[in-house]
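Trainee: Below you'll find the structure I mean.
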Amino acid sequence: MLALVVLVGVGSQWLAWRLRVPAIVLMLVAGLLMGPVFGVISPAQHFGPLLQPIVAAAVAIILFDGGLSLNLHELREAGPGVRRLVLLVAPISWILGALAGHYVAGLAWPVAFLFAGILVVTGPTVIMPLLRHARLQPRVASLLKWEGIVNDPIGALLAVLVFEFLSVAHTAVSLGEASTRLLITVAVVAVVSFLIGRGMIMLFNRGHAPEYLRSAVLLSVVLGCYVVANALYHETGLLAVTVLGMTLANGGLVGLAEVRRFKESLATLLLASVFVLLTASLRLDDIMSLDPRALAFVAVMLFLVRPASVWLGTIGAGLPWQERALVGWIAPRGIVAVAVTGLFAPALVGLGHADASRLVPLAFAMVFATVILHGFSIVTLGRRLGLADAGGTSVLILGASPWSVDLARALTDVGLDATIADPSRHRLRTARLAGVSTYFGEVLSEAAFWQMEVSRFDYLLAVTDNDAYNALACAQFAPEIGRNRVMRLKHAESEAAHRTTIALDGGLLTIGNGDYDLLVQRSREGWTFSRTKLTETYGLERYLQDRPAAAELFAVAHPSGRVQFLAGDDSLDAAAGDVILAFTPAKIATDSKAKHNKQADSHST
């Protein structure tokens, strides 16, 4: 059953990637079908007393991953709008959400405050796929993305603190005693977690742990920190692992990027499994318990609490009303909200809060409503507000040179979005004069990764004069863009030299047998990118017959906005309406275009 849960969770994410839909929707459907609908799995029956520890350990690793993404320096560099969303909008959402939970949903005040803290989480696992699909403008996309990244651990931390207060207050004599004990508990746990984090940084940075054991050691320490904190004070482990992740993120840990990639992969696996488990744990009675008050609560959170929080929190932030309106609507809740709710709800029931049993169905209702409504409206609303591109493929070109500028201009002429990135302002001058979108900076830096909004690009073409740099760029961007969508320029070194170059995670973009210097030389000699549109009468076969031997095929642009770059031994596949880009000597390109126009005019006559 555990293998089945993992297979269904990961399979749902893969299928969602293929269908370009939010993964959480398919996981929700899969969990409902496996659990309450067909009864294939009953988590409480199959896992028994192990179910709660499994969920708790998974949530601990998920929150550690969230803390690991909370870099305070990056938050300071993110801009005033993001800081407003974190420092003002989140607390306002918490308070307004608690009011809605008490007066609309009918929850007791303690349960309402805890649930409102959980719902502060907007979820990067949900918002990032939506941003890739919506192609919003960089600033508004940055606002939504950073809110999801930062609020992920903050919302869970609010819920942890409220739960700790309720746990302490359950045995305390007075409110003052409960507050004092809570402060002592939080201080002790935070100090212990901080010291463990500093110890891990010293261990790794001084080379006392081999590279191949870093991830395994770190995972062991996370679980150990969780257990030690729970042993010191009941249910403080989640707070401890969150502080541990923040310590590592801000303490100068060497190789943090590799650690993050491992933790992201592990967290993705655990998120999928836990979500399917919790969904399968639902009963039909739980789903039917969503009375009109619960539905009204969801509506109030969507249409009143979120917009009001954003509008109040961004007063004076210098954001246009269009951006405030879009951010005020888009706030999809994700798997973290469900996972944390599934962990705390039974514990709250054990503390005597019977209405906490309603939290899990409410959390699922919020997730389903926000994912469906926000997922299907973000593109339309973004375009109507003038904050989204009209669509089409977006290409990032690394390296500004005469021929790459010509390439970017050709891609733009056929309706694609092309951006040239280079750390030299001098080399970018030609691109700026040609009206091509540019980015000045070192793209391999983490700051550039966020500033460029890499998730909006469909392809990466690494075409600098440095083969090792091109390979490194492909390796770094492959996990975000896709391994089959990052390509580098073929250089003229020997095959043996290529084998010793940094391993690249992508294709090999081939333009004839030339290297960077030859392409630049040809560009100076008048070579240019020709654009030939195929028709019903002038198809691919006729084009290949007319194509001069010197012309090098490069790409095929489809009317739908997609593009196919010809890498390696790729075969040319084009039909009527497609545009073929080829790097061609100027005179041949002119003669070929004139011949094509003459044939088209003759056919028309």
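Trainee: Read phi for every residue in segment 326-338 and hand back ³J(HN,Hα) as whole Hz from Karplus 6.51 cos²θ - 1.76 cosθ + 1.60, θ = phi - 60°, with x for Gly and Pro.
Mentor: 5, 5, x, 9, 7, 7, x, 7, x, 5, 4, 4, 5
Trainee: Give me the number: length gained by fully extending R83 to D291, i.e. 0.36 nm times residue separation minus the C-alpha to C-alpha distance, one decimal in nm. Present the calculation step by step, with values, prior to reporting the outcome.
Mentor: Numbers: separation 208, 0.36 × 208 = 74.88 nm, distance 3.68 nm.
Residue separation times 0.36 nm, minus the Cα-Cα distance, leaves 71.2 nm.
Trainee: In whole percent, how big is the carbon plus sulfur part of the accessible area of the chain, probe 1.4 Å, protein atoms only?
Mentor: On the way: 16180 of 26430 Å².
About 61 percent, which is the carbon plus sulfur part of the accessible surface.
Trainee: Then there's this: Whole angstrom only: what separates the Cα centroid of segment 314-349 from the Cα centroid of segment 205-268?
Mentor: 26
Trainee: Follow-up question, since we're still on this one. Given H placed 1.01 Å from N in the peptide plane, which residues other than close sequence neighbours of T438 have an amide H under 5 Å from its amide H?
Mentor: I420
Trainee: Moving on to the next point. Across the chain, how many lysine pairs, 8 or more apart or on two chains, come within less than 17 Å at their alpha-carbon atoms?
Mentor: Working: K533/K593; K533/K595; K533/K598; K587/K595; K587/K598.
Going through the chain pair by pair, I get 5.
Trainee: Then there is this: Show W14, W311 ordered by accessible area, largest first, where the area counts protein heavy atoms only and the probe is 1.4 Å. Before the final figure, lay out the partial values.
Mentor: Details: W14 150, W311 95 Å².
In descending accessible area the options line up as W14, W311.
Trainee: Scan around T528 for amide H atoms under 5 Å from its own, H built in the peptide plane at 1.01 Å from N, and keep only partners 5 or more places away or cross-chain.
Mentor: Amide H to amide H, under 5 Å and 5 or more residues apart or across chains, T528 pairs with T584, A586.
Trainee: If you take mean projected area of the Cα convex hull in nm² from the coordinates, which of (i) 25.9; (ii) 31.6; (iii) 29.2 do you get?
Mentor: So the calculated entry is the one marked (ii).
Trainee: Using protein chains only and a probe of 1.4 angstrom, how many square angstrom of S357 are accessible, to the nearest 10?
Mentor: Probe radius 1.4 Å; accessible area of S357 about 70 Å².
Trainee: Keeping every protein chain in place, order T438, T122 by accessible area at 1.4 Å, biggest value first, i.e. largest first.
Mentor: On the way: T438 50, T122 5 Å².
So, going from the largest accessible area down, we get T438, T122.
Trainee: Could I ask something else about it? Modelling each spin label as a point 7 Å along the Cα-to-Cβ direction, I'd like the L433/F194 distance in nm, to one decimal.
Mentor: If labels sit at L433 and F194, their model points lie 5.6 nm apart.
Trainee: If you plug each phi of segment 376-385 into the Karplus form 6.51 cos²θ - 1.76 cosθ + 1.60 with θ = phi - 60°, what whole-Hz ³J(HN,Hα) values come out, in order, with x for Gly and Pro?
Mentor: 8, 10, 5, 5, 4, 5, x, 6, 5, 8
Trainee: Any idea how far apart L540 and F262 come out in nm if each label point goes 7 Å out from Cα toward Cβ?
Mentor: 4.5
Trainee: Further, regarding this structure: In what order, largest first, do E525, E164 sit by accessible area if the probe radius is 1.4 Å? Don't jump to the answer; show the numbers that get you there.
Mentor: Numbers: E525 120, E164 5 Å².
So the residues, ranked largest to smallest area, are E525, E164.
Trainee: Note down the net charge around V186, summing +1 for each Lys or Arg and -1 for each Asp or Glu among other residues with Cβ under 14 Å from its Cβ. Intermediate values should be presented prior to the final figure.
Mentor: On the way: positive: R181; negative: E164, E235.
Every neighbour counted, the sum reads -1.
Trainee: Output ³J(HN,Hα) for segment 255-265: one whole-Hz value per residue in order, computed from phi by the Karplus curve 6.51 cos²θ - 1.76 cosθ + 1.60 with θ = phi - 60°, and x for Gly and Pro.
Mentor: Using θ = phi - 60°, the values come out as x, 5, 4, 5, 4, 4, 4, 5, 5, 5, 5 Hz.
Trainee: Using 1/(1 + (r/R0)^6) with R0 = 60 angstrom and r between the beta carbons of L304 and D517, what's the FRET efficiency to the nearest 0.05? Spell out each step's value before the answer.
Mentor: On the way: r = 62 Å, r/R0 = 1.04.
Once the sixth-power term is evaluated, E becomes 0.45.
The values are calculated or read from the model by the stated rules, or taken from the named source; none is laboratory data. This is a predicted model, so every value here is computed, not measured. Virtual Cβ from ideal backbone geometry, glycine too; neighbours counted across all protein chains shown. Accessible surface is based on the protein model in full, side chains and every heavy atom, while ligands, DNA and RNA are left aside. Shrake-Rupley method; radii C 1.70, N 1.55, O 1.52, S 1.80 Å.
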